[in-house]
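Q: Quick one: structure below, then a few questions.
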Number of protein chains: 2
Amino acid sequence: MSMKIALVGIGKIAIDQHIPAINSSREWELAATVSRHGGIEDIENFADIQTMLDARPDIECVSLCLPPVPRFDYAVAALKAGRHVILEKPPGATVSECRTLEAMALDGGVTIYATWHSREAAQVDLARDWLRDKKLNSLRIIWKEDVRRWHPGQKWIWEAGGLGVFDPGINAFSILTKILPVPVHVTSAELRFPENCETPIAADIAFAHPSGAPVTAEFDFLEEGTQTWSMIIDTSGGELLLEEGGAKLTINGVEQADSTALAETEDGSNPLLGGEYTRLYARMANLVKAAQSEMDLSPFMHVSDCFLLGKRVTVAPFHE
Amino acid sequence: MSMKIALVGIGKIAIDQHIPAINSSREWELAATVSRHGGIEDIENFADIQTMLDARPDIECVSLCLPPVPRFDYAVAALKAGRHVILEKPPGATVSECRTLEAMALDGGVTIYATWHSREAAQVDLARDWLRDKKLNSLRIIWKEDVRRWHPGQKWIWEAGGLGVFDPGINAFSILTKILPVPVHVTSAELRFPENCETPIAADIAFAHPSGAPVTAEFDFLEEGTQTWSMIIDTSGGELLLEEGGAKLTINGVEQADSTALAETEDGSNPLLGGEYTRLYARMANLVKAAQSEMDLSPFMHVSDCFLLGKRVTVAPFHE
């Protein structure tokens, strides 16, 4: 028996990832979309969420792929209507509003799931397992991509609350907080804001690790050519290299076999993300069945901490 | 039987508030200070915390009155040495580090208390009780003070992580989160940064309230003359006016009698803060006796959210 799901916000990420993942799942049936700009072929589309919720009581779950700022009101509408809710990353525009949603879901007896797709990348679990008993010497995150290639026309990313380079950077933090066996916290950050944007285009961040080992992150949104989503982790057991956003793992120079089924990457729209969303929807199905929620906000908290204590530097204006 | 306490960071707030509050309490005995710049008469002073912890195993509790950025390492040292910890507001430089401290205290079986002195202002509890059954129409926070008068020479307040005008502003948020019966979250903020400072000197903030009622805050650090720490709250039951940082309460034009003992304000160094710290130390004694911790980070979370989604505007440089 599959559960009916509505997808809200039919943009690039919905079309590239959510729809193929839902369509490939036996547990979910895409029953409706909500989009002011039109939906997709053969699926009923609604211009606003309340109309959909009123018209389709058979839809048990709502997946929100909107930008973070408007997402809260949609989540509240869905929760008030007794539906389960899946949140794209970042789970909201503020950490406080996510806590409010979590409390609402608990009160209403429904599931809410703050997803972190990069945590589902093929080799992340293997990296976590290998690191568990190693002493950390250093950890360096390098997350450099071309915003014009991956976020074409996404004006919201440059508006206050849109996170700028932390929109991809939060993916690194979501992996970091999954693979490290101990918590870290930001101690300094330099945020570089284009003079015509409200969010940063680049950042350098330092974390404190209990062992004193240096943990750093370099984010850049203007990287042309080779795109880099890597972590270089030096430990008592040698070097772990996690590349391609968690899809490729090399330990002491030896590339590790992919631990996940290759079949999951067949949608092929973006090899770096292949399978991640399939696993998110499988996890959501399990959470609903178990009547549980999952709302780990630690990656978002680190982003928020960067903005809280970061130094702000103004750099050249950004033009698409 | 009084408990021995060490005070770390002997600056303005320690001398104006913490020391009188500890000295007036039968439950606490000021047994040592930690300060690189010298302590106070008749109390043993240590230049660094580890020396104090090693030399004075009889001291059960450590109260940290340092600026937020260096505070974490001191708290870790005290917790590792099995001491209870009191944190001045804000409880740290990042929300994540506060969560780490909370987990450490839980693991170590000691008490940690993130204090919010403004929550202990004389009329805050009365305001909370009155608001409990009212429908909110609007809430306006006006928090305007002269930084040169209240924070002379405190350079850290202008450095990244020092919070700027949110250092007093977080007091307003600590009251807001105590008196409102439902949670709110920041939806927009404008932060005004002096061109020579890393933290804002003024801010305008809007919150979302479940009822849709407008909830706003205006913070200004350049207010000369009359100082304003007020909340104007319009409700179904009329207007509640909380002034002087929570010390004065007027409901529908009638000033309410002070619900707390006047005797608590006798130190007199700052009439707005009188009694708040006495109550914080009384609460800490109760927490220690009950083997509990209190770490409500919601005021800090709202500050962090303001930085996360705030628009940044550059304004004239600030010179002391």
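The values are calculated or read from the model by the stated rules, or taken from the named source; none is laboratory data. Since we're looking at a predicted model, the values are computed, not measured. Here the Cβ is made from the backbone with ideal geometry for all residues, glycine too, and neighbour counts use every protein chain on show.
Q: Considering only residues that are more than 12 Å from every other protein chain (Cβ to nearest Cβ) and in a loop (DSSP other than H, G, I, E, B), look in region B:94-117 and name the one that is nearest to B:Arg71 (Cα to Cα).
A: This residue is B:Thr115.
Q: Scan region A:303-313 for residues that are over 16 Å from B:Pro91 (Cα atoms), of a type outside the set (Gly, Ala, Ser) and facing chain B (nearest Cβ under 8 Å) and jot them down.
A: Just the residues of region A:303-313 that are over 16 Å from B:Pro91 (Cα atoms), to begin with: A:303, A:306-307, A:310-313.
If we keep only those that are of a type outside the set (Gly, Ala, Ser) as well, we get A:303, A:306-307, A:311-313.
Listed by number, the residues that qualify are A:Val303, A:Phe307, A:Lys311, A:Arg312.
Q: Right, something else. Kindly evaluate A:Ile233 against the criterion of being out of contact with any Asp or Glu (no Cβ under 9 Å at 6 or more places or on another chain) and away from every other protein chain (no Cβ under 13 Å).
A: Working: out of contact with any Asp or Glu (no Cβ under 9 Å at 6 or more places or on another chain): no; away from every other protein chain (no Cβ under 13 Å): yes.
In short, no.
Okay, residues lined up against (1) surrounded by fewer than 20 Cβ atoms within 10 Å (Cβ to Cβ); (2) part of a loop (DSSP other than H, G, I, E, B); (3) of a type outside the set (Ser, Thr, Tyr); (4) touching a residue at least 12 places away in the same chain (Cβ under 8 Å):
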site	(1), (2), (3), (4)
A:Ala14	no, no, yes, yes
A:Ala21	no, no, yes, yes
A:Ala31	no, no, yes, yes
A:His37	yes, yes, yes, yes
A:Glu41	yes, yes, yes, no
A:Gln50	yes, no, yes, yes
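Q: Taking region B:112-130 on its own, how many of its residues are buried (at least 17 other Cβ atoms within 10 Å of the Cβ) and either without any contact (Cβ under 8 Å) to a residue 24 or more places away in the chain or farther than 18 Å from B:Trp229 by Cβ (or both)?
A: Adding up the residues that qualify gives 4.
Q: Hey, could you check region A:47-71 for residues that are within 16 Å of the chain's Cα centre (by Cα) and within 24 Å of A:Ala160 (Cβ to Cβ) and say which is modelled with the highest pLDDT?
A: In this case the residue turns out to be A:Leu64.
Q: Would you check which residues across region B:194-234 are buried (at least 21 other Cβ atoms within 10 Å of the Cβ) and of a type in the set (A, V, I, L, M) and list them?
A: B:Ile201, B:Ala202, B:Ala203, B:Ile205, B:Ala208, B:Val215, B:Ala217, B:Met231, B:Ile233 - these are the residues of region B:194-234 that are buried (at least 21 other Cβ atoms within 10 Å of the Cβ) and of a type in the set (A, V, I, L, M).
Here's the yes/no breakdown for (1) within 14 Å of another protein chain (Cβ to nearest Cβ); (2) under 22 Å from B:Ala285 (Cβ atoms):
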| position | (1), (2) |
| --- | --- |
| B:Ile13 | no, yes |
| B:Glu29 | no, yes |
| B:Val34 | no, yes |
| B:Arg71 | yes, yes |
| B:His84 | no, yes |
| B:Gly92 | yes, no |
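Q: Condition test on A:Ala127, is it outside the structural domain of A:Ala203 (by TED's automatic domain parsing), modelled with pLDDT of 95 or more and not polar (S, T, N, Q)? Give the derivation first.
A: On the way: outside the structural domain of A:Ala203 (by TED's automatic domain parsing): no; modelled with pLDDT of 95 or more: yes; not polar (S, T, N, Q): yes.
The answer is no for A:Ala127.
Residue-wise test of (1) surrounded by 24 or more Cβ atoms within 10 Å (Cβ to Cβ); (2) in contact (Cβ under 8 Å) with a residue 24 or more places away in the chain.
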{"site": "A:Ala78", "(1), (2)": "yes, yes"}
{"site": "A:Gly82", "(1), (2)": "no, yes"}
{"site": "A:Ala103", "(1), (2)": "no, no"}
{"site": "A:Gly109", "(1), (2)": "no, yes"}
{"site": "A:Asp146", "(1), (2)": "no, yes"}
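Q: Within region B:197-204, does at least one residue satisfy the condition of being more than 12 Å from every other protein chain (Cβ to nearest Cβ), free of Cβ contacts under 8 Å to residues at least 24 places away in the same chain, within 21 Å of B:Ser304 (Cβ to Cβ) and not in a loop (DSSP other than H, G, I, E, B)? If you could, list the steps in order and put the result at the bottom.
A: Going through region B:197-204, the residues more than 12 Å from every other protein chain (Cβ to nearest Cβ) turn out to be B:201-204.
Next cut, free of Cβ contacts under 8 Å to residues at least 24 places away in the same chain only: B:204.
Restricting the remaining residues to those that are within 21 Å of B:Ser304 (Cβ to Cβ) gives B:204.
Imposing the further condition that a residue be not in a loop (DSSP other than H, G, I, E, B) reduces the set to B:204.
The answer is yes, given that some residue of region B:197-204 is more than 12 Å from every other protein chain (Cβ to nearest Cβ), free of Cβ contacts under 8 Å to residues at least 24 places away in the same chain, within 21 Å of B:Ser304 (Cβ to Cβ) and not in a loop (DSSP other than H, G, I, E, B).
Q: Something else about it: Would you mind stating whether A:Phe173 is closer than 20 Å to A:Thr235 by Cβ, at pLDDT 95 or above and within 14 Å of another protein chain (Cβ to nearest Cβ)?
A: Details: closer than 20 Å to A:Thr235 by Cβ: yes; at pLDDT 95 or above: yes; within 14 Å of another protein chain (Cβ to nearest Cβ): yes.
Yes: the conditions hold for A:Phe173.
Q: Please specify each residue of region B:178-192 satisfying the condition of being surrounded by fewer than 20 Cβ atoms within 10 Å (Cβ to Cβ), under 24 Å from B:Trp130 (Cα atoms) and at the interface with chain A (Cβ under 10 Å from one of its Cβ atoms).
A: B:Val182, B:Pro183
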